[in-house]
Ligand code: NAD
């Protein structure tokens with residue numbers, strides 16, 4: 001399909017587009033490989049390679065010293081408006097750019113379609129170091145960013161949620177800012193918000209819970225039980241900490257953990273109660289007694305059964321994929337593995353549960369939150385967790401079945417499932433005008 005890479009003058013040269021960064025190219029390479037494999041209608045294929053809407057804003061941000069005013073960049077990208085409102089997290093990170101946010105929006109589209117949730121993909125971000133924000137600075141930047149993107153979000157339009165560097169409180173400030181502008185409370189504008197203002201039970205743990213549900217199912221495929229398995233987790237935030245805790249509750253031995261400051265390793269297993277107590281007091285894993293210090297890069301290459309990257313993208317490439325010693329890789333983070341690494345891992349018989357399936361628990365409970373808000377009828381935590389596990393297991397099994405039927409990896413099968421559903425929706429809606 002030469003015309004997709006711009007070699008045909010009548011089509012846009014994708015290499016020149018504003019969002020063309022390594023992360024965007026990863027999302028598009030995954031799409032292209034799958035589209036080719038499934039013989040996708042080229043009209044749909046071409047539409048799916050670029051976002052439908054991409055907003056870039058810059059705004060002034062006053063630091064606590066009052067004198068310093070920085071110009072900060074923010075983004076909100078809506079990839080696909082075919083399926084319903086768009087949905088996706090907001091991240092605060094110093095490396096955020098239009099390409100990264102676009103790639104994440106594309107992955108959100110696949111995720112929602114795989115889970116059969118009536119949303120298209122979106123993502124937002126602010127290019128700022130969250131570690132350098134005081135609580136009042138964090139609140140000011142959130143409120144200003146929200147007012148800059150206020151026209152494009154809304155409960156029927158585009159619904160943000162937490163991601164890297166943001167949390168439930170961030171969502172509360174977005175909801176409050178949006179509601180102040182509209183003149184009445186609009187809880188449905190965000191998900192992942194605190195319970196007090198219409199959040200859902202189980203949302204904060206949902207992504208980690210889904211990761212572990214996938215790990216349990218995938219482990220069966222390779223004759224592994226989670227009980228007694230050695231698990232290494234990169235990232236100890238909302239996703240990583242929950243995944244580690246739930247895996248440990250299932251009898252797994254958590255041999256390594258990390259955060260942005262580095263990692264800790266104990267082959268005999270880390271005491272999760274002690275780790276959690278240490279984190280509460282020190283806010284970093286660094287210095288945790290009774291464990292060896294490892295770097296984030298070293299953690300990935302440790303001997304273990306299950307590796308869960310749950311921090312940031314671009315962690316597993318052709319350089320370290322040959323050195324990974326796990327049997328199962330479950331992607332909690334978005335975009336941790338590149339295309340070259342995928343091929344190496346497949347060759348080495350390391351089973352990969354892809355991000356668009358493994359971490360879809362977050363958007364699933366976000367969807368539950370949106371539904372509960374619309375009905376003004378809220379579910380118990382048990383009910384949320386049960387419904388989440390049911391959907392995750394069904395999605396995992398359907399992808400595993402497709403993978404074996406088509407003789408492809410779980411990633412390709414997951415993409416085929418998501419893209420296939422979108423293709424059908426696009427065909428029945430037709431092209432306007
Ligand atoms: P978080 O901010 O709660 O936690 C991130 C963790 O990663 C922290 O422990 C942090 O110290 C660590 N980290 C940050 N930068 C790092 C670096 N450069 N190297 C190593 N570690 C680093 O974020 P989160 O919500 O847990 O998200 C983690 C990943 O999961 C992201 O890729 C995110 O897109 C993805 N994800 C999150 C959700 C969700 O519901 N929160 C859903 C789907 C996917």
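Here are the numbers for the structure shown:
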{"quantity": "Considering only the chain, percent of DSSP beta bridges that pair antiparallel, nearest 5", "calculated": "45"}
{"quantity": "Relative contact order, percent, the stretch 78-167 [alpha-carbon distance under 8 Å, six or more residues apart]", "calculated": "43"}
{"quantity": "Footprinting exposure proxy for 386, 203, 63, 417 (fewest neighbouring C-beta atoms within 10 Å first)", "calculated": "386, 63, 417, 203"}
{"quantity": "The chain: relative contact order as a whole-number percent, Cα under 8 Å and 6+ apart", "calculated": "15"}
{"quantity": "Among 35-42, 263-270, 333-340, the order from most to least packed when residues are scored by Cβ within 10 Å on average", "calculated": "333-340, 263-270, 35-42"}
{"quantity": "P(r), alpha carbons of the stretch 155-195 - 10 Å bins starting at zero, rounded %", "calculated": "33, 57, 10"}
{"quantity": "For the chain, calculated [θ]222 nm from helices alone, where every DSSP H run of n ≥ 4 adds -39500 (n - 2.57)", "calculated": "-14000 deg cm²/dmol"}
{"quantity": "Distance from the stretch 256-280 to the stretch 382-412 (C-alpha centre basis), Å", "calculated": "30"}
{"quantity": "Most to least packed among 77-87, 420-430 [average Cβ atoms within 10 Å]", "calculated": "77-87, 420-430"}
{"quantity": "Residue order, fewest to most beta carbons within 10 Å, for 304, 326", "calculated": "326, 304"}
{"quantity": "Top of 294, 101, 69 by mean-square fluctuation, Gaussian network on the chain, Cα under 10 Å", "calculated": "69"}
{"quantity": "Calculated FRET value between residue 132 and residue 39, using beta carbons and R₀ = 56 Å, to 0.05", "calculated": "0.70"}
{"quantity": "Distant alpha-carbon pairs in the stretch 236-323 (separation over 19 angstrom), percent", "calculated": "33"}
{"quantity": "Cβ-Cβ FRET estimate between residue 280 and residue 381, R0 fixed at 35 Å, reported to 0.05", "calculated": "0.95"}
{"quantity": "Linear extension gain, residue 260 paired with residue 222, 0.36 nm per residue minus alpha-carbon span", "calculated": "10.5 nm"}
{"quantity": "Kirkwood hydrodynamic radius of the stretch 94-242, from inverse mean 1/r over distinct Cα pairs, in Å", "calculated": "17.1"}
{"quantity": "Bins of 10 Å from zero: percent of alpha-carbon pairs in the stretch 290-342", "calculated": "25, 61, 13, 1"}
{"quantity": "C-alpha center-to-center spacing [the stretch 306-365, the stretch 193-253] in angstrom", "calculated": "15"}
{"quantity": "Full-stretch length increase - residue 343, residue 20 - with 0.36 nm per residue and alpha-carbon distance subtracted", "calculated": "114.0 nm"}
{"quantity": "Mean projected area (nm²) of the alpha-carbon convex hull when the stretch 291-382 is viewed from all directions", "calculated": "7.9"}
{"quantity": "For the chain, built as a Gaussian network whose Cα springs stay under 10 Å, the top-fluctuating residue of 218, 185, 241", "calculated": "185"}
{"quantity": "Kirkwood hydrodynamic radius over Cα pairs of the chain, then Stokes diffusion coefficient at 20 °C and 1.002 mPa s, in µm²/s", "calculated": "98"}
{"quantity": "Residues 181, 55, sorted so that the one with the fewest Cβ neighbours within 10 Å comes first", "calculated": "181, 55"}
{"quantity": "Rg followed by Dmax, in Å, when the stretch 41-168 is reduced to its Cα trace", "calculated": "15.2, 56"}
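Read-outs: derived from the displayed coordinates by stated rules, not from any lab. Remember, it's a predicted structure, so these values are computed and weren't measured experimentally. Glycine gets a Cβ as well: all are built from the backbone with ideal geometry, and neighbour counts include every protein chain shown.
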